[in-house]
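Here it is: the structure, laid out below.
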Amino acid sequence: MDEQLFFKKLNNLCTSKDIFYFLSSLDVMSDTMAAGALQRISEVEVDDNGLKNPALLESEVFRALCFQFEFESSRLSNTGLLNALQALIKLHIDPQSTLMMSLLSESEERLGKGQLTAEHLCSLGESLLELEGPSCATLEQIVNRMQDRDIERWSPREIVMVYKILQVTAREGKQCQSLLNRLNSVTLHAVSQLNPNFTSVILNSLVVLRQTQAVLLVTALCKHSVKHVPYFTDHELVSVLEAFLYFGQKLQTFTEALKRHVPRSILTMHPQTVSKVMQYCCKKMILSKPIFDAVAEGFISNADRLTTDQIAAYIIPFGTLNYLPPSASSLFRKLEAVLHTRLRHFQPHTLLNLLHSCVLIQRYPINFLPKIFSPYFLQKLQAQPPGLTRAVMSQLTQLFLTVTLECPFYEGPKLFSKYQVKACPTLHSSLDVHLFKRVKTGLLYLLKKRIYFASEVSTPYFYVVDIEIKLDEEGFVLPAAQLEEVHRRIALCVDGQNRFCAHSHNLLGEEAIKQRHLQLLGYEVVQIPFFEIESLQNTRKMADYLHKKIFPCTYG
């Protein structure tokens, strides 16, 4: 049969049974046709879970197909040899079988003799990469043969394959940085030709190969990935998000593309992909309500099928970014139900992070705190890396402070004092030094003397107040050092951009809980957000703003 007609008929067949029936009707076929038949069988019989019907490998027709590849490998064309190798790897044929050893040996022999074209080198490289534990020597030989050709003329497929090979060789401690520099330069000019898969693979390779100096290439790939967001597979999207995180990339257009894509795809998206999307939003402080609302709905529907790490990845960003979705009541009911049935399956630090994130948004895990404060759990926290670090003890202290201040009905175990810290380490919400200096200058203009306010005041209650002003019973400002006759304390929270979600006026969870607790501890909290004062052009205007904000009763 004419090859063109053969492949046309073959590609219309959708089951191995139909393919075997069709092949049985032919008297003879070329090795290219036989390899094409194996490839078509692998396409219809292999899915994400592997081979659908292992019995087909025992079929007479299948064994006849393999016969010439096993015993006449030296007479095969390069195309027939390498296409058959790719198909048999996909069908999970034992790499140690006579059939596979014969094909691999013949391929490596032709590689050594320089008989393979660039296309064939790509096929062989891809096949070897699919096999577990490929020989680095053979992969390096492929790269060396490819370098015999002008690297500037490599196709996107060849570029991707070489990146993959370099990843493997790097794992064995062999990094060819000079070749990588040339490859990065060539890839930069080919970015616009890359499909979603190639874009994802190259970004992943750049992460594995730690190419932090390839800034232009990384930036171009990240920008190019924006248009592919709707077309990435779950695995590809995870690789792209990991690259954005690793290289510190942040593109508003990419975030907008995620906002459109995630809500539409949430019900079919793999939980690990959703987890990575939430990690990306959390690390970049991106509060995207469409994404968070969709993830909340997805959690309510699928929580029972999630791993404990995935549960934490779904929920923690809500606390970190201080956001309650419209479905909050259902979301936290579902979380409580899951915790009741699977509490013992959570790793100690994962559970602590999860419950701490809940109190940031006033969702109190009262039923689970006795476990958290128990000596046994605290010992497990200490034994598991990172152990009882200052940050971990701060989370424990804040949990204890929360139930003390906000849940007076809690009667369970308390947190032992040796696990409490006296001052809260700020993860994100450190002071904006420039903004702080402007506010202090304005206050000095308003109050006339520096003795009337104190800055960065440590309280006995874990928190540090940015600026504290003390008043007597009649409302007069007292010297900051005075301890007697203090009737009111005002806590000024000088909130720079780093205390808010990105491009937002939404306070982060750790700053929101601090201001809430300061109020409960008796402070009058006055928030000085960056967006209210960045337009004030001189000290007089700043002082006027502070007068109105701090002492509204005497303003004017």
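The values are calculated or read from the model by the stated rules, or taken from the named source; none is laboratory data. The structure presented is a predicted model; accordingly, all values stated were derived computationally and were not measured. All Cβ positions, glycine included, derive from the backbone under ideal geometry; neighbour counts span all protein chains shown. Calculation scope for accessible area: heavy atoms of the full protein, side chains included, ligands and nucleic acids excluded. Shrake-Rupley method; radii C 1.70, N 1.55, O 1.52, S 1.80 Å.
Ratio of alpha-carbon Rg to the 2.2 N^0.38 Å globular estimate for the stretch 463-556, to two decimals, please.
That ratio works out to 1.16.
At q = 0.20, 0.21, 0.22 Å⁻¹, what base-10 log of I(q)/I(0) does the Debye formula yield for the stretch 1-115 when every alpha carbon is treated as an equal point scatterer in vacuo?
With one equal scatterer per Cα and no solvent, log10 I(q)/I(0) is -1.10, -1.21, -1.31.
What ranking do 313-323, 218-228 get when scored by the average of other Cβ atoms within 10 Å per residue, highest first?
Highest to lowest by the protection proxy: 313-323, 218-228.
Where only protein heavy atoms count, and the probe is 1.4 Å, what is the accessible area per residue for the chain in Å²? Don't skip to the answer; put the middle values down first.
Values: 26930 Å² over 556 residues.
I get 48 Å² per residue for the chain.
Remind me, relative contact order of the stretch 433-550 in percent, using alpha carbon pairs under 8 angstrom and six or more residues apart?
Dividing the mean separation by the residue count of the stretch 433-550 yields 26 percent.
Oh, and also: Compare the peptides 385-398, 361-374, 5-18 by average per-residue count of other Cβ atoms within 10 angstrom and give them in order, highest first.
Top to bottom by mean Cβ count within 10 Å: 361-374, 385-398, 5-18.
Report, for the stretch 433-550, the % of DSSP beta bridges that are antiparallel, rounded to 5.
Of the beta bridges lying entirely in the stretch 433-550, close to 65 percent run antiparallel.
For residue 495, what residues show an amide H to amide H distance below 5 Å, using hydrogens built from the backbone and excluding near sequence neighbours?
For residue 495, whose amide H was placed from the backbone, the distant partners under 5 Å are 528, 530.
Right, next: Which of the following values of P(r) over Cα pairs in 20 Å bins from 0, in percent was calculated from the structure shown: [x] 18, 49, 30, 2, 0; [y] 23, 57, 20, 1; [z] 17, 37, 29, 13, 4, 0?
[z]
In terms of solvent-accessible area of protein heavy atoms at a 1.4 angstrom probe, what is the ranking of 79, 341, highest value first?
Ranked from most to least accessible, the order is 341, 79.
Quick one: divide the alpha-carbon radius of gyration of the stretch 127-249 by 2.2 N^0.38 Å and tell me what you get. Please list the in-between numbers first.
On the way: Rg = 13.8 Å, N = 123, 2.2 N^0.38 = 13.7 Å.
Compared with the compact-globule rule of thumb, the stretch 127-249 sits at 1.01.
I need the shape label for the stretch 368-439. Rule: rounded when a/c is under 1.5, else prolate if a/b > b/c, else oblate, with a, b, c from the alpha carbon gyration tensor.
In terms of gyration-tensor shape, oblate.
With θ set to phi - 60°, apply the Karplus curve 6.51 cos²θ - 1.76 cosθ + 1.60 along the stretch 97-112 and write out the HN-Hα couplings as whole Hz, x wherever there is a Gly or Pro.
Residue by residue, the stretch 97-112 yields 5, 4, 4, 5, 4, 5, 5, 5, 4, 5, 4, 5, 5, 5, 4, x Hz.
Could I ask something else about it? Any chance you could check the Cα centroid distance between the stretch 385-402 and the stretch 189-256 for me, in angstrom?
36 Å
Calculate what fraction, in whole %, of the accessible area of the stretch 1-156 sits on carbon and sulfur atoms when a 1.4 Å probe is rolled over the protein chains.
Accessible surface attributable to carbon and sulfur in the stretch 1-156 totals 46 percent.
Given the chain, what percent of its DSSP beta bridges are antiparallel, to the nearest 5? Spell out each step's value before the answer.
Numbers: 14 of 21 bridges.
Of those bridges, close to 65 percent are antiparallel.
Read phi for every residue in the stretch 335-341 and hand back ³J(HN,Hα) as whole Hz from Karplus 6.51 cos²θ - 1.76 cosθ + 1.60, θ = phi - 60°, with x for Gly and Pro.
Per-residue couplings from phi come out as 4, 5, 4, 5, 5, 4, 8 Hz.
Students often get this wrong, so check it: of 164/250; 449/541; 283/371; 448/541; 437/549, which have C-alpha atoms separated by over 23 Å?
With Cα atoms farther than 23 Å apart: 164/250; 283/371.
Could you sort 283, 541 by their accessible area in this structure, using a 1.4 Å probe and putting the largest first?
283, 541
Could you give me the ³J(HN,Hα) list for the stretch 400-417, computed from phi with Karplus coefficients 6.51, -1.76, 1.60 and θ = phi - 60°, whole Hz, x at Gly and Pro?
These are the phi-based 3J(HN,Hα) values: 5, 5, 4, 5, 5, 8, 9, 10, x, 7, 5, 10, x, x, 9, 7, 4, 4 Hz.
For the stretch 247-296, taking Cα atoms only, what is the radius of gyration to one decimal and the Dmax to the nearest whole Å?
10.2, 29
Give the peptides 176-182, 285-291 in descending order of average Cβ contacts within 10 Å, highest first.
Values: 176-182: 14.6, 285-291: 19.7.
Output ranking for 176-182, 285-291: 285-291, 176-182.
Show the residues, 5+ positions off or on another chain, whose built amide H is closer than 5 Å to the amide H of residue 502.
For residue 502, whose amide H was placed from the backbone, the distant partners under 5 Å are 286, 287.
Specify the inter-centroid distance of the stretch 536-554 and the stretch 85-105, based on alpha-carbon positions, in whole Å.
78 Å
Also, quick follow-up: Please label the shape of the stretch 414-478 as rounded, prolate or oblate, based on the square roots a ≥ b ≥ c of the eigenvalues of the alpha-carbon gyration tensor (a/c under 1.5 means rounded; beyond that, a/b larger than b/c means prolate, else oblate).
It is oblate, given that a/c is not under 1.5 and a/b is not larger than b/c.
Further question: Determine the relative contact order of the chain: mean sequence separation of Cα pairs under 8 Å and six or more apart, normalised by residue count, in whole percent.
After rounding, I find 7 percent.
Starting from the amide H of residue 480, placed 1.01 Å from N in the peptide plane, find each other amide H under 5 Å away whose residue is 5 or more places distant or on another chain.
452, 453
Over what distance in Å are the Cα centres of the stretch 1-18 and the stretch 483-523 separated?
71 Å
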